[in-house]
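What follows is one structure encoded as structure tokens, with my remarks underneath.
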Amino acid sequence: MRKFAFLDLDGTIIDHNQVISPKVKDAITTATANGHKVFVATGRSYPELYPFLFSLPFSGLITANGAYVKLGDEVLADHSLDQASITEWTDYFRRSGATWIWQGKDHFYPSETFLDFFRLSGKSDRAATGDWSAYLEQITPYLASGIPTSAGKCMFYLSPEAPSSFEEAHRLFGDRYMVIPGSVDVRVGEVVELGVKGVNKGSAMREVLHHFGTDSAQALAIGDSANDYEMVREAGIGVCLAGGAEELSKIADWVAPPIEEDGVAAAFERFGLLDPA
């Protein structure tokens with residue numbers, strides 16, 4: 001039976017140094033050649049996707065935590081936060097001492113010092129873990145100044161000294177927006193993601209499956225972070241990589257080896273995607 005595999009990127013197939021292992025690349029290629037369909041399902045916005053990803057035979061892209069979904073040239077979903085929402089959140093960021101980046105399908109709008117979060121990776125505990133130089137190179141052509149009028153999502157960082165926290169942000173806004181722990185690792189402080197309420201990787205997965213005339217029973221979802229929760233929960237087979245978010249591992253059908261041990265390839269082998277559909 002044909003399976004539909006939905007793969008998170010960061011921490012699942014792309015490691016902290018922005019590399020995909022040859023074994024995982026081969027697994028994706030083999031699964032597609034065998035008649036299965038493989039989709040990216042990432043928190044990254046569309047311009048954050050590295051060119052090498054497009055050399056792999058993905059059947060479609062779920063980006064911005066489900067806000068923007070593209071199958072070939074067809075845009076299946078395009079959800080965004082409006083200007084009023086962005087203004088409300090930006091006021092909160094300024095009060096709480098956060099740094100942030102608004103992520104759209106065409107441009108990114110970082111606060112004045114936000115990109116230091118990636119520039120200082122490997123040099124500061126208050127920066128992303130790993131080597132993010134390739135990421136900075138990728139997004140630079142899409143950077144813009146100011147505050148956008150719409151955006152698919154936002155990522156923000158709160159230092160330990162910030163007069164706010166993820167818990168407070170969720171308490172203040174969680175009834176009206178998606179507010180979840182961020183998927184970028186940091187040793188000190190908190191990374192948080194926000195987006196349109198009710199829009200997530202799980203809702204996007206359902207839209208993709210409906211497009212192909214099937215349902216979650218044929219879906220395999222693999223991730224490692226809080227933003228993979230709905231997708232992993234709703235898929236017929238939900239997989240969490242070892243070392244992933246605790247809440248994700250609790251609801252997963254199987255905990256795969258970690259990314260360093262090619263967990264996606266192991267899941268593809270275990271659940272039949274390396275065999276003909």
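Being under 27 Å from Phe117 (Cβ atoms) and open to solvent by 20 Å² or more (accessible area, probe 1.4 Å) is the requirement here; does Glu234 meet it?
no
Quick check on my filter: what residues within the stretch 86-111 are outside any helix (DSSP H, G or I) and hydroxyl-bearing (Ser, Thr, Tyr)?
Thr99, Tyr109, Ser111
If you scan the stretch 166-182, which residues turn out to be open to solvent by 30 Å² or more (accessible area, probe 1.4 Å) and either part of a loop (DSSP other than H, G, I, E, B) or polar (S, T, N, Q) (or both)?
Hits for the stretch 166-182 are Asp175, Arg176.
Quick check, is Phe114 surrounded by 17 or more Cβ atoms within 10 Å (Cβ to Cβ), of a type in the set (Phe, Trp, Tyr) and in a loop (DSSP other than H, G, I, E, B)?
yes
I need a count of the residues in the stretch 119-165 that are under 15 Å from Phe108 (Cβ atoms), part of a loop (DSSP other than H, G, I, E, B) and either open to solvent by 20 Å² or more (accessible area, probe 1.4 Å) or out of contact with any helix residue (DSSP H, G or I) (no Cβ under 9 Å at 6 or more places or on another chain) (or both).
Residues meeting the conditions: 6.
Give the residues of the stretch 237-248 that are open to solvent by less than 10 Å² (accessible area, probe 1.4 Å) and either assigned to a helix (DSSP H, G or I) or of a type outside the set (A, V, I, L, M, F, W, C) (or both), sorted by residue number.
Gly238, Leu248 - these are the residues of the stretch 237-248 that are open to solvent by less than 10 Å² (accessible area, probe 1.4 Å) and either assigned to a helix (DSSP H, G or I) or of a type outside the set (A, V, I, L, M, F, W, C) (or both).
Scanning the stretch 29-41 for residues that are of a type in the set (A, V, I, L, M, F, W, C) and part of a helix (DSSP H, G or I), which turns out most open to solvent (accessible area, probe 1.4 Å)? Walk me through how you get there before you give the answer.
So in the stretch 29-41, the residues of a type in the set (A, V, I, L, M, F, W, C) come out as 31, 33, 38-41.
Retained after the next criterion (residues that are part of a helix (DSSP H, G or I)): 31, 33.
On the way: Ala31: 0, Ala33: 85 Å².
Within the stretch 29-41, the match that is most open to solvent (accessible area, probe 1.4 Å) is Ala33.
Does Phe52 meet the test of being out of contact with any helix residue (DSSP H, G or I) (no Cβ under 7 Å at 6 or more places or on another chain), on the phi < 0 side of the Ramachandran plot and at pLDDT below 95?
Answer is yes for this residue.
Among the listed residues Ala67, Ala77, Ala98, Ala127, which satisfies the condition of being under 30 Å from Ala33 (Cβ atoms) and of a type outside the set (Val, Ile, Thr)? Spell out the reasoning first.
Values: Ala67 fails: under 30 Å from Ala33 (Cβ atoms); Ala98 fails: under 30 Å from Ala33 (Cβ atoms); Ala127 fails: under 30 Å from Ala33 (Cβ atoms).
Result of the check over Ala67, Ala77, Ala98, Ala127: Ala77.
Results for (1) under 19 Å from Leu136 (Cα atoms); (2) assigned to a loop (DSSP other than H, G, I, E, B); (3) touching a Pro at 6+ places or on another chain (Cβ under 6 Å), shown as yes or no for each residue.
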| site | (1), (2), (3) |
| --- | --- |
| Thr12 | no, yes, no |
| Ile20 | yes, yes, no |
| Val24 | no, no, no |
| Ala27 | no, no, no |
| Gly43 | yes, yes, no |
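Quick check on my filter: what residues within the stretch 50-85 are assigned to a helix (DSSP H, G or I) and more than 21 Å from Pro181 (Cβ to Cβ)?
Within the stretch 50-85, Pro51, Phe52, Leu53, Phe54, Ser55, Gln83, Ala84 meet the criteria.
Just checking, how many residues over the stretch 136-163 are under 16 Å from Gln18 (Cβ atoms) and either of a type in the set (A, V, I, L, M) or in contact with an Asp or Glu (Cβ under 7 Å, 6 or more places away or on another chain) (or both)?
Total meeting the criteria: 3.
I need every pair where a residue in the stretch 205-228 that is in contact (Cβ under 8 Å) with a residue 40 or more places away in the chain has its Cβ under 6 Å from the Cβ of a residue that is basic (Lys, Arg) and not in a helix (DSSP H, G or I), sequence separation at least 6 or different chains.
From the stretch 205-228, the pairs are Gln218/Lys3; Leu220/Lys3.
What number of residues within the stretch 249-277 are in a loop (DSSP other than H, G, I, E, B), in contact (Cβ under 8 Å) with a residue 60 or more places away in the chain, closer than 16 Å to Gly236 by Cβ and out of contact with any Phe, Trp or Tyr (no Cβ under 9 Å at 6 or more places or on another chain)?
3
Quick one: count up the residues across the stretch 184-230 that are in a loop (DSSP other than H, G, I, E, B) and open to solvent by less than 50 Å² (accessible area, probe 1.4 Å).
Looking only at that region, the number is 8.
The values are calculated or read from the model by the stated rules, or taken from the named source; none is laboratory data. These numbers were taken from a predicted model, which means no experiment stands behind them. Neighbour counts are summed over all protein chains in view; Cβ atoms, including those assigned to glycine, are modelled from backbone coordinates with ideal geometry. Please note that ligands, DNA and RNA were not included when accessible areas were found on the heavy atoms of the full protein model with its side chains. Shrake-Rupley method; radii C 1.70, N 1.55, O 1.52, S 1.80 Å.
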